[in-house]
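The structure under discussion appears below in the form of structure tokens.
A short reminder: the numbers here are calculations on the coordinates, not readings from a lab. Small disclaimer: the values here were computed from a predicted structure and weren't measured. Neighbour counts are summed over all protein chains in view; Cβ atoms, including those assigned to glycine, are modelled from backbone coordinates with ideal geometry.
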């Protein structure tokens, strides 16, 4: 058990090392000299040399790489050029809306997708199945920005139930801030529910034809118990996988939705960093997002061992 | 042979499935009886409709595509009343399953739920049918695992199916089936997937439980050796029909239907010594799927005694001398 956990942690560190290496070299592959790009056309050669020195860009790439790894290992993701503060702090300030948006979206997507998928499998080929499968197809093909604009127009502008955009004034309390997340979370929840519906349906259909479901029927159990305990209990592994991966994608920043709703989240931060060529922020954000991916994958693996006794840790 | 009223009496049962290619009727004329405290073996080749018959009795045919399309399945309830299971609504059938009528299946490796402990799978049924609390239900589960001779039952109850061998899992299935004291046990080839030594143990276990609980057993098998070992009464099925029924000794001593005779001749113990001195086990030419003339005897295409009338008309199941029921035009001549 301890050895298994140690093996997993070593694996996670290895993934992070590879990510850090790729981020470092991919950034260097981008055309142009970062220092001159940062300073713009009017910069003098002396200014550029000065900046190159400040950021260590005048040293050999190998040295830069080792220094970069050392800094990351000690938790320092560098200093933002544009925002004049540490990258980690900049990301931390933007983490709240992204985190809550991802959380609410995945909750809504699961609450729609899992029951619909179950109903669709249980009543396969019947009206319920056709309705659910058709709606899922529709939800999967709606662009989230369009649905976002529609929701803003209807729920925010016409009905006035929710704020149009943004994340509240500075000093707004948590409840007020979260009110700004209702519409974007509904959009992302609906769009992402389609995949969860399809996975749940397929997994349930597989399990419902298994011999042990027939055994459960032979025991005289009510159909609801057969479906929810015996079948769903065995169908969970693929469902957890797709929910987890969707959650990971959302944490990485729902860039389009954050933009449509003017949310100051991580996706928004990355987009503006790219536009401003704020390399330390881009690199730092990539590393943080990769770290969250790795953590979510680890969590999924732990949940597997809880729902299926056959899975070894 | 005078016997009390049967526990289960199937008459002229027909089962129809709707498929894309039209309706198919894998079972179209099964008659059989199971008596309390006795074992009726239902024998036939693969595809003869044995398992479909069992599932029809249990009300476990896939509801969307199939169902009983004719005949009756009369079951004598604990109260002494008789109920036709073929006409019982699904909810009424569900109340009998697991409590009055239990079933064990051919495939012990896949018939248990992999994510629930075996103790919980038994306790769940006990809780559901008797309303006992979870602690008492789990005690009952452990007691049942002991009854089917699983050593260290209290500890094994916490095991999951994948931690057990096939023989152990089939014991668990039997413990599960027995946990609510059913009056009828349907065993669908319960030993087919097991090693021969384990087979013998499972057969002995089922037989012991039948005697101790005065339970009726419908034992489905394609193995005549198993029939000789466990059955009191035998019904032979061919292509969805019962073709012969008799007490087990009568059946082996004096088989009447050409199909039954051919089956018994196929037993390795009946092998002949060929011209070159080697022993030759006989076989029946063709397969169950061999197309019979519409309206003719189903077995006629493979029957060495078939005469022109056999291809023209369909025989009924009728009593013959010596206590047989037989479906053959020519049993008097053979």
Per-pair calculated FRET efficiency, R0 = 41 Å: residue B:181 and residue B:321 via Cβ, rounded to 0.05:
0.55
Hull surface over four for the Cα convex hull of region B:113-237, reported in nm², is 7.9 nm²
Can you give me the Rg/Rh ratio for chain A, using Cα atoms for both radii and the Kirkwood formula for Rh?
1.06
The convex hull of the Cα atoms of region B:111-180, divided by residue count, gives a volume in Å³ per residue of 72 Å³
log10 I(q)/I(0) for region A:60-128, Debye formula on C-alpha points only (no solvent), q = 0.18, 0.20, 0.25, 0.28 Å⁻¹, two decimals, reads -0.82, -0.90, -1.03, -1.10
Extend 7 Å from the Cα of residue B:280 along its Cα-to-C-beta direction; within region B:296-315, residues with backbone N under 19 Å of that point are B:303-305
Per residue, how big is the convex hull around the C-alpha atoms of region B:215-334? Give it to me in cubic angstrom, could you?
125 Å³
Calculate for chain B the 222 nm mean residue ellipticity that helices alone would give, adding -39,500 (n - 2.57) per DSSP H run of length 4 or more and normalising by residue count, nearest 500 deg cm²/dmol.
-9000 deg cm²/dmol
Where does region B:255-326 land on the Kirkwood hydrodynamic radius, alpha-carbon pairs, in angstrom?
13.9 Å
Once label points are set 7 Å from the Cα along Cα→Cβ at both residue B:84 and residue B:162, what is their separation, rounded to one decimal in nm?
4.8 nm
For chain A, what is the mean residue ellipticity at 222 nm derived from helices alone (per DSSP H run of n ≥ 4: -39500 (n - 2.57); sum divided by total residues; nearest 500 deg cm²/dmol)?
-23500 deg cm²/dmol
Rg/Rh ratio calculated on Cα atoms of chain B (Kirkwood radius)
0.99
What full-extension length gain, to one decimal in nm, is calculated for residue A:310 and residue A:61 as 0.36 nm per residue of separation minus the Cα-Cα distance?
84.9 nm
With a Förster radius of 41 Å, plug the Cβ-Cβ distance of residue A:298 and residue B:46 into 1/(1 + (r/R0)^6) and report the FRET value to the nearest 0.05.
0.30
What would the Debye equation give as log₁₀ I(q)/I(0) for the protein assembly as shown at q = 0.07, 0.08, 0.10 Å⁻¹, counting only Cα atoms as equal point scatterers?
-0.66, -0.77, -0.97
Report the convex hull volume per residue for region A:2-73, counting only C-alpha atoms, in Å³.
86 Å³
Can you give me the Rg/Rh ratio for region B:1-70, using Cα atoms for both radii and the Kirkwood formula for Rh?
1.03
